[in-house]
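K.L.:
So that we are looking at the same thing, I have put the structure below in structure tokens.
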Amino acid sequence: MTDPTALMLEDLSQKYAEKQTSNAFLRLYTDDIQFGHVFASIHERLNGHFDAINDRAETSHHYWAEASREMIALCKETDDILQSLKHVGIEVRLTETYAAAIQSCQSWLVRSGGSTVPDDFEQITVIKYEPILSRPEISSHLKKSGARPQLQLIGEGSYAQVFSFVDPDYDLKFAIKRARKNMGERDLHRFRQEFDILQRLSFPYIVEVYQYDATRHEYKMEFCESTLRKYIKRRNDGLPFSSRKRIALQFLYGINYIHTKNLLHRDISLQNVLVKTFDGGAVLVKLSDFGLVKDRSSEYTQTKTEMRGTIRDPLLVSFKEYDTCNEIYAIGHVLSYIFSGKEALMSRADNVSEIVRKCTAHDVANRYQTVRELIGDVDKLEATPTDAPA
């Protein structure tokens, strides 16, 4: 037997699917797949009338006849939809500002001859960037405190500064990466490209980014307590081999992930690998600083030729020729530090040193050809008496 409720909802969705609605309003209701188009259409038309009524209230105090009839019909249409959905158990809330505005307009709108806007008419606050219709079961309203959090400088380099702050609405610590004011147009392009690339990556061992402010040339990102250099330096004497191996593998998993996305980091260093710490001693490695990233699918990263990066492969002649074998050279330096706590390359007669030597071999043909191959050898490592830092 046909379900009448299902038929009604299907007809409602179909009716509004055929209406032309601008993306400026559709984007406000992307969370509501079922009724987003319906709500966006109503919102856009209400805004059109409210803008026009506000204007006429300040000029002629007369709202045109045809527009008056359309607004009367729209008020009824909005009420009918809310009541129909309520009848089948779907609660939809219209923001109080618009509910009051509709009620006010209905008191003076007439169907013929145009409508006289009252002298005591109060301008309607038109909402453009927030939804006016919502379903409580699929939405949550976040109250913004409006407070301006205090920024604390936690790191800086040649091109950007990094600040930390506590978000007053979530009571969580975040970071802000801000381009330096004297940054040139090309480097600003790279800075924005860094954000765009990080935003499309989703992996546990890649730092997360959230919002880009084009006015300030900055973006928000997850906060990590330490760099890899600081984390190991502070704990080197008491850090067990098993912990070092976990850190190394997380680092390698992150690099392998970006390589599968056709990207090369090109600036792997002890500063650009971050560590996020948790209660109980657990840690999460996060790759960051993608400002020099090479996207093999983009021609833009092929044109800058001067040598950059913290750990430079001595066999690399031109930065635009940078490839996986050069990335593995830098990876070898980071692995050496993870397992030894020293920035000089390991040279002992053990399995870890053998891996480091293969990463940094003077003949690129003798290096690891993929990070996946390197992960396999690190995963096989077992603690031995010589694995403790000297």
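The values are calculated or read from the model by the stated rules, or taken from the named source; none is laboratory data. In this text the structure is predicted, and so the values were computed from the model without any measurement. For neighbour counting, all protein chains shown are included, and Cβ atoms are generated from backbone atoms with ideal geometry for every residue, glycine included.
K.L.:
Being under 25 Å from H37 (Cβ atoms), outside any helix (DSSP H, G or I) and not acidic (D, E) is the filter here; which residues of region 89-107 pass it?
P.N.:
Matches in region 89-107: G89, I90, V92, R93, L94, T95.
K.L.:
Could you tell me whether S340 is surrounded by fewer than 13 Cβ atoms within 10 Å (Cβ to Cβ) and not aromatic (F, W, Y)?
P.N.:
Values: surrounded by fewer than 13 Cβ atoms within 10 Å (Cβ to Cβ): no; not aromatic (F, W, Y): yes.
No: the conditions fail for S340.
K.L.:
Separate question: What's the number of the condition Y210 fails, among (1) free of Cβ contacts under 8 Å to residues at least 24 places away in the same chain; (2) assigned by TED's automatic domain parsing to the domain that holds Y170?
P.N.:
Just one mismatch for Y210, condition (1).
K.L.:
Another question, if that's okay. Quick check on my filter: what residues within region 190-207 are in contact with a His (Cβ under 9 Å, 6 or more places away or on another chain) and free of Cβ contacts under 8 Å to residues at least 60 places away in the same chain? Steps first, please.
P.N.:
Going residue by residue through region 190-207, those that are in contact with a His (Cβ under 9 Å, 6 or more places away or on another chain) are 191-192.
Result: R192, single match.
K.L.:
While we're on this one: Go through region 59-88 and count every residue that is exposed (fewer than 13 other Cβ atoms within 10 Å of the Cβ), assigned to a helix (DSSP H, G or I) and either among the small types (G, A, S) or in contact (Cβ under 8 Å) with a residue 60 or more places away in the chain (or both).
P.N.:
Pass one, region 59-88, residues exposed (fewer than 13 other Cβ atoms within 10 Å of the Cβ): 59-60, 66, 73, 76, 80, 83, 86-88.
Narrowing further to those that are assigned to a helix (DSSP H, G or I): 66, 73, 76, 80, 83, 86-87.
Right, trim to either among the small types (G, A, S) or in contact (Cβ under 8 Å) with a residue 60 or more places away in the chain (or both) and you get 73.
Within region 59-88, residues that are exposed (fewer than 13 other Cβ atoms within 10 Å of the Cβ), assigned to a helix (DSSP H, G or I) and either among the small types (G, A, S) or in contact (Cβ under 8 Å) with a residue 60 or more places away in the chain (or both) number 1.
K.L.:
Further, regarding this structure: Just checking, which of N272, N262, N256 is within 11 Å of Y205 (Cβ to Cβ) and outside the structural domain of F195 (by TED's automatic domain parsing)? Give the steps one after another, and end with the answer.
P.N.:
Details: N272 fails: within 11 Å of Y205 (Cβ to Cβ); N262 fails: within 11 Å of Y205 (Cβ to Cβ).
So the residue among N272, N262, N256 that is within 11 Å of Y205 (Cβ to Cβ) and outside the structural domain of F195 (by TED's automatic domain parsing) is N256.
K.L.:
Moving on to the next point. Within region 315-367, can you find the residues that are of a type in the set (S, T, Y), at pLDDT 95 or above and more than 19 Å from S269 (Cβ to Cβ)?
P.N.:
Scanning region 315-367 gives a single hit, S353.
K.L.:
If you go through region 13-55 one residue at a time, how many are outside any helix (DSSP H, G or I) and out of contact with any Lys or Arg (no Cβ under 8 Å at 6 or more places or on another chain)?
P.N.:
First, pick out the residues of region 13-55 that are outside any helix (DSSP H, G or I): 18-22, 30-35.
Next, from what is left, pick out any that are out of contact with any Lys or Arg (no Cβ under 8 Å at 6 or more places or on another chain): 18-22, 30-31, 33-34.
Final tally of qualifying residues: 9.
K.L.:
Here is a further query. Output the number of residues of region 47-58 satisfying the condition of being over 35 Å from the mean Cα position of the chain (by Cα) and loosely packed, with under 15 Cβ neighbours inside 10 Å.
P.N.:
The first filter runs over region 47-58 and keeps only residues over 35 Å from the mean Cα position of the chain (by Cα), leaving 49, 52-58.
Subsequent filtering for residues that are loosely packed, with under 15 Cβ neighbours inside 10 Å retains 52, 55, 58.
Within region 47-58, residues that are over 35 Å from the mean Cα position of the chain (by Cα) and loosely packed, with under 15 Cβ neighbours inside 10 Å number 3.
K.L.:
A further question follows. What number of residues in region 344-379 are assigned to a loop (DSSP other than H, G, I, E, B) and aliphatic (A, V, I, L, M)? Break it down stepwise before answering.
P.N.:
First, the residues of region 344-379 that are assigned to a loop (DSSP other than H, G, I, E, B): 344-350, 360-363, 367-370.
Pick out the ones that are also aliphatic (A, V, I, L, M) and you get 344-346, 349, 361.
Of the residues in region 344-379, 5 are assigned to a loop (DSSP other than H, G, I, E, B) and aliphatic (A, V, I, L, M).
K.L.:
C359 passes all but one of (1) crowded, with 16+ Cβ neighbours inside 10 Å; (2) in contact (Cβ under 8 Å) with a residue 60 or more places away in the chain; which number fails?
P.N.:
Answer for C359: the failing condition is (2).
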